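The next block holds one structure in the form of structure tokens; read it before the comments.
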Ligand SMILES: Cc1cc2nc3c(=O)[nH]c(=O)nc-3n(C[C@H](O)[C@H](O)[C@H](O)COP(=O)(O)OP(=O)(O)OC[C@H]3O[C@@H](n4cnc5c(N)ncnc54)[C@H](O)[C@@H]3O)c2cc1C
């Protein structure tokens, strides 16, 4: 078992109680074991009123709905593995329907078969979908007939948009790839790193022959014993926000001290590190009275001495906390730009909707105007179709995603105006008479770090610089993926780095 320099059990603080921080605490508590004397050795310090960060739900129209993440990718093992460890495998639920549409050339058109993160891999379904004009479809077809030489020497990262446009034409980039990959990151593919957001694209581009053929996925996912196809996404019965709620409860049951309403304002290197004492001191603010081990003149200004620290906070906050100790890493983190998004959740009377709700919803490319102007909404989810547990007779719950990098319009209007403007676009697309019976706006300021080309190399440098600090690691969506599985993986990897460092292993960055 890991022990401190003087043989005591170390104390590790996790700053930030989003999915990355909770997963880090889970791994720490697993590896450190139960506290021998009942005193918490792992603490989670979360500035907000609840854990979970961007995985959050609320009651809306008599149902519990997710306000941000509502599902996690099934093919990555980290989130499903965590669910299994929490005994939640039986609570996994798959979407009740599949397929999504795109608003293109004045109407909703189903996404063609065979797209891989928006990149078409089969020409005929693409051409038939009507998403591209004739010239755009013909340009994409060149990929199948024009020779493309392998370039094994090609190295380095490039923007997704640049790669796809060069190989398949700008219409494919604008109408398919930007809504999908850009939508996941609330950014534009002309500025998003292929290496960080869709690595197979770069390797496909470096090989000879057609990009579309290279990116083809295996024909169909293997069916489960019941014959149903394996889902692409999972959520939990109830909401995706059950995951952080159940994880928090399991952490508390393991003896982890989870404190909400406690912000970490500074990280200070302690002098008694050299004598085997705790290496770090955290300056706390907020509801600090019950934080075990905290000391100070008043409840509002307390400090906490710890052996290890995991910074599971967004890039800007990590930059501030690291500025005195790893200035280059802090500068890299401080330079990451973020996009803000809003989620407009609506209850719409079923009888008011003239159009048919097919699949899970639709995406709106930025080049496909609605009502003659660039749309505010980037995507729409038919919640009551995607998650049949939410369905009630008489209404549809619909969620609109608004805002992307560089679009300042949502920030300049209030919630009522935003709801009205977003609903007007929805009404034009779906054909809706009347008004929503309920609505809710959730604003996620600075929610998505923009992974510009070279992002992973910069993440390597940050992690290596932080690994030089004894017992410190970083985790979260700033580094190697914004999805729940990726941040769960980053939290667990950071925990292992900190424990190895406390065990006296040479510095290593997470893998
Ligand atoms: C609208 C939206 C939809 C999304 N949809 C999906 C989806 O369907 N599927 C999916 O996989 N992902 C989705 N994501 C992405 C995913 O939810 C996030 O990337 C992920 O949850 C981030 O987790 P995190 O722990 O890195 O950061 P966060 O959730 O941001 O957690 C960081 C925590 O740190 C706390 N904190 C910050 N500073 C301090 C401090 N100084 N002291 C103490 N605490 C501090 C914050 O309060 C916060 O709780 C979505 C995100 C958004 C915004």
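Condition first: buried (at least 24 other Cβ atoms within 10 Å of the Cβ), within 8 Å of the ligand (Cβ to nearest atom) and not in a loop (DSSP other than H, G, I, E, B). Now tell me which residues in region 478-493 satisfy that.
484, 487, 490, 491
Could you list, in sequence order, all residues of region 399-421 that are buried (at least 19 other Cβ atoms within 10 Å of the Cβ) and either within 15 Å of the ligand (Cβ to nearest atom) or in a loop (DSSP other than H, G, I, E, B) (or both)?
399, 400, 401, 402, 403, 404, 407, 410, 418
Just to be sure before I move on: is residue 226 in a helix (DSSP H, G or I), modelled with pLDDT under 95 and either away from the ligand (no atom under 16 Å from the Cβ) or touching a strand residue (DSSP E or B) at 6+ places or on another chain (Cβ under 9 Å) (or both) in the structure I sent?
Here the answer is no, as residue 226 does not meet what is asked.
Answer yes if at least one residue in region 434-452 is modelled with pLDDT under 95, touching a helix residue (DSSP H, G or I) at 6+ places or on another chain (Cβ under 7 Å) and assigned to a loop (DSSP other than H, G, I, E, B), and no otherwise.
Yes; the residues of region 434-452 include at least one that is modelled with pLDDT under 95, touching a helix residue (DSSP H, G or I) at 6+ places or on another chain (Cβ under 7 Å) and assigned to a loop (DSSP other than H, G, I, E, B).
Residue check: is residue 498 modelled with pLDDT of 95 or more and buried (at least 23 other Cβ atoms within 10 Å of the Cβ)?
For residue 498, the condition - modelled with pLDDT of 95 or more and buried (at least 23 other Cβ atoms within 10 Å of the Cβ) - is met.
Considering only region 501-511, state which residues are in a helix (DSSP H, G or I) and either out of contact with any helix residue (DSSP H, G or I) (no Cβ under 9 Å at 6 or more places or on another chain) or surrounded by fewer than 22 Cβ atoms within 10 Å (Cβ to Cβ) (or both).
Hit for region 501-511 is 502, nothing else.
Could you tell me whether any residue of region 99-112 is part of a loop (DSSP other than H, G, I, E, B), more than 30 Å from residue 175 (Cβ to Cβ) and either within 16 Å of the ligand (Cβ to nearest atom) or not assigned by TED's automatic domain parsing to the domain that holds residue 428 (or both)? Outline the logic, then answer.
Of region 99-112, the ones part of a loop (DSSP other than H, G, I, E, B) are 99-100, 105-106, 111-112.
After this cut, where a residue has to be more than 30 Å from residue 175 (Cβ to Cβ) as well, the list is none.
For region 99-112, residues part of a loop (DSSP other than H, G, I, E, B), more than 30 Å from residue 175 (Cβ to Cβ) and either within 16 Å of the ligand (Cβ to nearest atom) or not assigned by TED's automatic domain parsing to the domain that holds residue 428 (or both): absent.
Restricting to region 45-66, and then to whatever is crowded, with 16+ Cβ neighbours inside 10 Å and more than 9 Å from the ligand (Cβ to nearest atom), can you tell me which residue is farthest from the chain's Cα centre (by Cα)?
61
The values are calculated or read from the model by the stated rules, or taken from the named source; none is laboratory data. Just so it is clear, the structure is predicted and the values come from calculations on it, not from any experiment. Glycine gets a Cβ as well: all are built from the backbone with ideal geometry, and neighbour counts include every protein chain shown.
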